[in-house]
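> Pasting a structure here, questions to come.
The values are calculated or read from the model by the stated rules, or taken from the named source; none is laboratory data. Worth saying up front: this structure is predicted, and the values here are computed from it rather than measured. Using ideal geometry, Cβ is built from the backbone for each residue, glycine included, and neighbour counts are taken over all protein chains shown.
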Amino acid sequence: MRTFLDIFKGWLSLLALAVVLTGCGGGDGGTASTSISGTAATGAALTGTIELVDANGVVRSNQPILAGGAFTIDTTGLAPPFILRATGSGNDAGIILYSLADGVTGIFNITPLTQLAVELLRQRIGGGAPVDLAGMFANWNAHVDPDQLATMQAWLLQAQATINANLQQQFTDAGLTPANFDFLRTAFVPNQQGLDAVLDLISGLTIAGNTITMNVGGNPFNFNINIDIAGFTIGGGNAGGGGGAGVLTCDTSLFQPNAVHAASAQELTSFAGNYTGDLYTDDGAGNFTPSAGTAAFDANGVLTLNGQAKTATSICVDNVAGLYGAVLYVHFADGHVDLFANDTFSGSISAPAGGGGAAGSLTLSIMISGVAAADININGVTKPTTQAEFCADMTSNSSTSLSNALGAVGTFTINSCSYNGSVGNVSATLAIVNPIAMNVPYSVVYTYN
């Protein structure tokens, strides 16, 4: 018999902890650091520094470019999208290259190809766009909105597809697949192979107004900004014109500001796999029926839930990894799932019209430090028959350590447990020792209906 009390115990301790840390303004000690990395190169590795500007105008300046063009930039606390500018020094003095990053983690290179992509994005803005990339960099926060990140990502995919379509012969000759190769997010080293071989062919890149001139292989090259990009699916996301799965976007309005970003191709790949977990069916009246479930997710953003394909309407990733690491959030028409790095998931779906819930239901009434939380209704929970059965799950491990839970360390202890056949009462104490020292009393009333 599964009463779910063991699950509620851990979950309620985290709920109490979250309420306390939010109320105290704490939790900073648990914030995970984030960074982006990549290679800055023109073909040869670039020597110099990099500047980054986030969507709010916050600047990271004088970031060093290391041997082989490698760089890493701390993005902790910043809001994507970012614009990057690499400035050459020494033998590379006078070289300036631009790029973009649409997440707080991942690989984002800076090359002449990324500079072309940023230029195509600038031209896409149309009226009101800055006159050049220097102006775009200087006023980046005036031209981007974190809530419109998905739109920028779609435009960026189309810009990359346009570049790949123009240089498809050069990509093919270098052993790359132009239809889906992601030159922005693919790691490489300046070794005259692969992507670097393509970069070695490009010279004389000049952007004047909306006119792009360049040489490829030492010869003048006619870059066609209106080239057909049908069939180009950069990094697995559809660049447009050719059908397919569509551009993968993140609806940031579903989350707190600056909490998530649209999943990059690299992040989609990292979450591809099979998952097991709990799925809760919502009857529309705030009652949830739990059941075990399975999910499968692929690198193209296709989700299968309990054997049924779901068309994603939003795919987002945490900006900052939390208690369970970075989480991928997939929303679809009748629900959502949260995919965790340990191959488990949690999610909810709406019950089909006319469907019924399980016979047993449970209402949780929670009081934390004297403050009442909203009642929680859950269907499909078996009613215990005795106090011994009700309290067994709660008291089997009455003291539980919380190690870096939501950025805090402490102990969760059950103080008392009683049950009269329909209503159970549990009192507990959450003793936090870091980042603040305090005891948090709370109680929960379990009402079986």
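> Among the numbered criteria (1) surrounded by 16 or more Cβ atoms within 10 Å (Cβ to Cβ); (2) closer than 15 Å to residue 350 by Cα, which one does residue 329 miss?
(2)
> Continuing with the same structure: Just to be sure, is residue 130 touching a residue at least 60 places away in the same chain (Cβ under 8 Å) and not basic (Lys, Arg)?
no
> Something else about it: Tell me whether region 278-288 contains one or more residues that are small (Gly, Ala, Ser) and modelled with pLDDT of 80 or more. Working first, answer last.
Filtering region 278-288 for residues small (Gly, Ala, Ser) gives 284-286.
From what's left, modelled with pLDDT of 80 or more: none.
There is no residue in region 278-288 that is small (Gly, Ala, Ser) and modelled with pLDDT of 80 or more.
> Further question on the same structure: Got a number for residues in region 52-73 being in contact (Cβ under 8 Å) with a residue 60 or more places away in the chain and part of a strand (DSSP E or B)?
1
> For region 343-355, give me the residue count where each residue is modelled with pLDDT under 50 and touching an Asp or Glu at 6+ places or on another chain (Cβ under 8 Å).
Here the count works out to 1.
> Let me ask something additional. Residues in region 290-302 that are assigned to a strand (DSSP E or B) and crowded, with 22+ Cβ neighbours inside 10 Å: how many?
Of the residues in region 290-302, 2 are assigned to a strand (DSSP E or B) and crowded, with 22+ Cβ neighbours inside 10 Å.
> For the subset of region 152-182 comprising residues that are free of Cβ contacts under 8 Å to residues at least 60 places away in the same chain and among the hydroxyl-bearing types (Ser, Thr, Tyr), which member is surrounded by the fewest Cβ atoms within 10 Å (Cβ to Cβ)?
Filtering region 152-182 for residues free of Cβ contacts under 8 Å to residues at least 60 places away in the same chain gives 155-156, 159, 163, 167-181.
Right, trim to among the hydroxyl-bearing types (Ser, Thr, Tyr) and you get 172, 177.
On the way: 172: 14, 177: 10.
Result: 177.
> Do the conditions hold for residue 77, that is, is it surrounded by fewer than 24 Cβ atoms within 10 Å (Cβ to Cβ), in a loop (DSSP other than H, G, I, E, B), small (Gly, Ala, Ser) and over 17 Å from the mean Cα position of the chain (by Cα)?
no
> Step by step: first the residues of region 67-125, then only those that are modelled with pLDDT under 95 and of a type in the set (Ser, Thr, Tyr), then the one that is nearest to residue 207 (Cα to Cα). Which residue is that?
72
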